[in-house]
Amino acid sequence: MNYLISILLMSMHFGLNEGIVCNIDNHHLPQCRKGCLLNTLEFQNKLIPGSTLKVNCSSNKKEVEDLHEIKFNDKYQIFLKERGLGNRIVWRCLLQHGHKLKYSQILWRAYRGAMRHRCGEKRAWIARADGIYLEKNDETKGFQHPWFITKQ
């Protein structure tokens, strides 16, 4: 009986830690205090109330994220590891919004990994009505790209 209880307790302990992604936003959690934090590629919709930002990303390592629809004032995050050792990862993303997706922009280097392994890096792309802005590790980098108008 004691054996069964100890197995049950161990299963609960490890089961409760499943699904936690340790990154710059939750590094304070006890489960995340050791090791390398995952890097974060984030998209925020700050367009206008009622708007939807569509984001579709892929990497040069054939990693593909499904199309995500981000409601106004929401965000979407991709958690990733850098490979280092000359195996640089680059993420490119298509951002679209507006009636019939009238406005778009391709971020060819939404996230560019370093030649060496890094931990806890964050790139936040903020979509606003006048263009796309960047925050790098919570430091504002300002306006980066205008929206292109798609011919319809």
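The values are calculated or read from the model by the stated rules, or taken from the named source; none is laboratory data. Given the structure is predicted, the values throughout are model-derived calculations rather than measurements. Reconstructed Cβ throughout: ideal geometry from the backbone, glycine too, with neighbour counts over all protein chains shown. Heavy atoms of the whole protein, side chains included, go into the accessibility calculation; ligands, DNA and RNA do not. Shrake-Rupley method; radii C 1.70, N 1.55, O 1.52, S 1.80 Å.
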Taking the alpha-carbon centre of each part, the distance from the range 104-135 to the range 50-100 in Å is 9 Å
Protein chains only, probe 1.4 Å: how do Ile78, Ile106, Ile149 rank by accessible area, largest first?
Ile149, Ile106, Ile78
For Arg128, the accessible surface traced by a 1.4 Å probe with all protein chains present amounts, in square angstrom to the nearest 10, to 100 Å²
Rank these by accessible area, largest first, 1.4 Å probe: Val90, Val55.
Val90, Val55
Under a 1.4 Å probe, counting only protein heavy atoms, Phe148 has an accessible area in Å², nearest 10, of 120 Å²
What accessible area, in Å² to the nearest ten, does a 1.4 Å probe give for Lys141?
90 Å²
Just by accessible area at a 1.4 angstrom probe, what is the order of Tyr76, Tyr111, Tyr103 from largest to smallest?
Tyr103, Tyr76, Tyr111
With charges set only on the Cβ (+1 for Lys and Arg, -1 for Asp and Glu), what does the dipole of the range 32-152 come to about its Cα centre, in debye to the nearest 20?
380 debye
